[in-house]
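Below is one structure, written out as structure tokens; comments come after it.
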Amino acid sequence: MNMNETATHEPLNGDQALSPNGGLRLAVGHYRLLFAPDSTTGWPHFSGSAWRGAFGRALRQAVCVTRLESCTTCLLKATCAYSYLFETPIPNGSLKMRRYTAAPHPFSLQIHDVTATSGANMLGLNLFGYGNRYLPYIIHAMTRAAADGIGRRRIRLSLIEVRQADWTTGDWRRIYAPEGQLKPLPPEMPIPPTCPALVRITLSSPLRLQRREALVGPQEFVFADLFGTLLRRLSMLTYFHGDLPLDIDFRGLLEQARQVRLLWTTLQWHDWTRYSSRQRTMMQMGGLMGEFGLDGGEIVPFWPYLWVGQWTHVGKGTSMGLGQYTLTLSLSPGGRGRG
């Protein structure tokens with residue numbers, strides 16, 4: 001949902017009125033970096049992969065003092081900005097993901113097209129929990145990456161300004177411009193409005209979900225595929241990057257999610273390949289795109305998590321902008337919502 005959208009609904013009842021966020025506590029910093037490019041043509045399709053790669057390289061060059069090839073054996077990996085953002089090692093004594101080598105990264109990118117009016121390029125950045133502490137490092141690395149060039153065509157850009165969403169007013173605040181001081185707002189939890197009668201979910205970048213180790217296609221997709229994956233992601237983000245891990249009835253919520261119907265769907269599979277410079281090979285990164293509708297009365301228990309998921313994204317490739325969706329609200333159960 002756009003920052004400027006508003007909706008008027010009936011007040012919530014019962015426990016949801018006392019806990020509109022469903023027990024979720026995750027500070028989200030929502031930022032936009034505005035760049036002036038040297039060209040408005042030739043941008044790669046779903047440029048999040050190019051941005052993420054350039055950002056990672058620039059950040060590592062800026063902060064790495066050991067110059068080791070791998071962070072695995074680095075003495076500084078527990079305190080390094082690059083390691084935390086891109087490697088995200090599992091802390092000693094962790095009760096979750098102990099068999100994994102890395103936790104979910106504390107950021108996601110949101111890709112915007114070059115605006116036709118100004119020719120400027122806008123990159124969306126979401127930081128979760130402790131990840132917001134590294135905003136100065138990120139702006140510095142993004143500025144260097146853009147100056148060096150993005151994508152195979154090495155399109156160079158210069159930073160104009162950085163804006164941050166003010167969750168209280170719904171406005172965008174300018175918090176930084178080159179040669180000035182960085183003045184960010186404290187990151188907060190985006191509290192959802194009341195769950196409406198009808199919700200349209202639009203997948204704005206490929207959504208890659210797995211069920212029994214196989215990718216979920218448009219024909220077999222059900223709501224529980226999306227919600228189960230999102231709930232696990234939010235649980236991990238609050239555990240590794242927040243002060244209050246998510247403590248809810250996971251099994252009960254997932255069982256309820258299996259009963260939710262899709263009112264309509266236009267989902268299709270979107271093929272997409274990208275080149276991985278790290279693995280030096282082309283990778284298949286296709287996923288679901290399109291939209292589907294949900295009855296608001298059926299999704300009240302899931303509503304706070306779906307709302308925050310607009311910024312965390314869901315599925316595979318979230319840090320490069322995949323799995324992004326938006327919610328459109330409607331008061332009328334007979335329509336397809338409003339934008």
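Condition check ((1) open to solvent by 40 Å² or more (accessible area, probe 1.4 Å); (2) at pLDDT 85 or above) across all residues:
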{"residue": "ALA17", "(1), (2)": "yes, no"}
{"residue": "PRO20", "(1), (2)": "yes, no"}
{"residue": "GLY23", "(1), (2)": "no, yes"}
{"residue": "GLY42", "(1), (2)": "yes, no"}
{"residue": "SER47", "(1), (2)": "no, no"}
{"residue": "ARG52", "(1), (2)": "yes, yes"}
{"residue": "LEU59", "(1), (2)": "no, yes"}
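Which one is most open to solvent (accessible area, probe 1.4 Å) among residues in region 93-108 that are at pLDDT 85 or above and out of contact with any strand residue (DSSP E or B) (no Cβ under 7 Å at 6 or more places or on another chain)? In this case the residue turns out to be LEU95. For region 242-261, residues that are touching a residue at least 12 places away in the same chain (Cβ under 8 Å) and either in contact with a Ser or Thr (Cβ under 8 Å, 6 or more places away or on another chain) or of a type in the set (Phe, Trp, Tyr) (or both) total 3. Within region 226-248, being in a helix (DSSP H, G or I) and open to solvent by less than 20 Å² (accessible area, probe 1.4 Å) holds for LEU226, PHE227, GLY228, LEU230, LEU231, LEU234, SER235, LEU237, THR238, HIS241.
Identify, from the list LEU331, LEU263, the residue that is modelled with pLDDT under 95 and open to solvent by 50 Å² or more (accessible area, probe 1.4 Å). Among LEU331, LEU263, only LEU331 is modelled with pLDDT under 95 and open to solvent by 50 Å² or more (accessible area, probe 1.4 Å).
What are the residues in region 61-84 that are open to solvent by less than 80 Å² (accessible area, probe 1.4 Å) and among the charged types (D, E, K, R), if any? Within region 61-84, LYS77 is the sole residue that qualifies.
Test ILE111 against the stated conditions and say whether it is at pLDDT below 95 and touching a helix residue (DSSP H, G or I) at 6+ places or on another chain (Cβ under 8 Å).
Working: at pLDDT below 95: yes; touching a helix residue (DSSP H, G or I) at 6+ places or on another chain (Cβ under 8 Å): yes.
Here the answer is yes, as ILE111 does meet what is asked.
Within region 180-215, if we keep just the residues that are touching a residue at least 12 places away in the same chain (Cβ under 8 Å), assigned to a loop (DSSP other than H, G, I, E, B) and over 20 Å from the mean Cα position of the chain (by Cα), the residue that is surrounded by the fewest Cβ atoms within 10 Å (Cβ to Cβ) turns out to be LEU182.
Quick check on GLY290: is it small (Gly, Ala, Ser) and either closer than 17 Å to LEU209 by Cβ or modelled with pLDDT of 95 or more (or both)? Steps first, please.
Values: small (Gly, Ala, Ser): yes; either closer than 17 Å to LEU209 by Cβ or modelled with pLDDT of 95 or more (or both): yes.
The answer is yes for GLY290.
Residues that are more than 17 Å from the chain's Cα centre (by Cα) and open to solvent by less than 50 Å² (accessible area, probe 1.4 Å) within region 119-141 comprise GLY119, ALA120, ASN121, ILE139, ALA141, listed in sequence order.
Pull up region 272-282, narrow it to residues that are in a strand (DSSP E or B) and open to solvent by 50 Å² or more (accessible area, probe 1.4 Å), then point me to the one that is modelled with the lowest pLDDT. Working first, answer last.
Restricting attention to region 272-282, the residues satisfying the condition of being in a strand (DSSP E or B) are 273-276, 281-282.
Those left that are additionally open to solvent by 50 Å² or more (accessible area, probe 1.4 Å): 273, 275, 281-282.
On the way: THR273: 66, TYR275: 56, THR281: 64, MET282: 60.
Among those residues, the one meeting the criterion is TYR275.
Of the residues in region 164-175, at least one is more than 30 Å from LEU294 (Cβ to Cβ), assigned to a strand (DSSP E or B) and of a type in the set (Lys, Arg). Filtering ALA165, ALA177 for residues that are exposed (fewer than 15 other Cβ atoms within 10 Å of the Cβ) and in contact with a strand residue (DSSP E or B) (Cβ under 7 Å, 6 or more places away or on another chain) leaves a single hit, ALA177. Of all residues in region 312-323, those satisfying the criterion of being assigned to a loop (DSSP other than H, G, I, E, B), of a type outside the set (A, V, I, L, M, F, W, C) and farther than 19 Å from MET189 by Cβ are GLY315, LYS316, GLY317, GLY321, GLY323.
Against the condition open to solvent by 20 Å² or more (accessible area, probe 1.4 Å) and at pLDDT 95 or above, how does ARG154 come out, does it pass?
On the way: open to solvent by 20 Å² or more (accessible area, probe 1.4 Å): yes; at pLDDT 95 or above: no.
No: the conditions fail for ARG154.
Can SER49 be described as of a type in the set (Gly, Ala, Ser) and assigned to a loop (DSSP other than H, G, I, E, B)? Steps first, please.
Details: of a type in the set (Gly, Ala, Ser): yes; assigned to a loop (DSSP other than H, G, I, E, B): no.
No; evaluated as a whole, the condition is false for this residue.
The values are calculated or read from the model by the stated rules, or taken from the named source; none is laboratory data. Predicted, not measured: the structure shown is a model, and the values here were computed from it. Don't worry about glycine lacking a Cβ; one is built from the backbone with ideal geometry, like all the others, and counts go over all protein chains shown. These area figures cover heavy atoms from the full protein model, side chains too; ligands, DNA and RNA do not enter into them. Shrake-Rupley method; radii C 1.70, N 1.55, O 1.52, S 1.80 Å.
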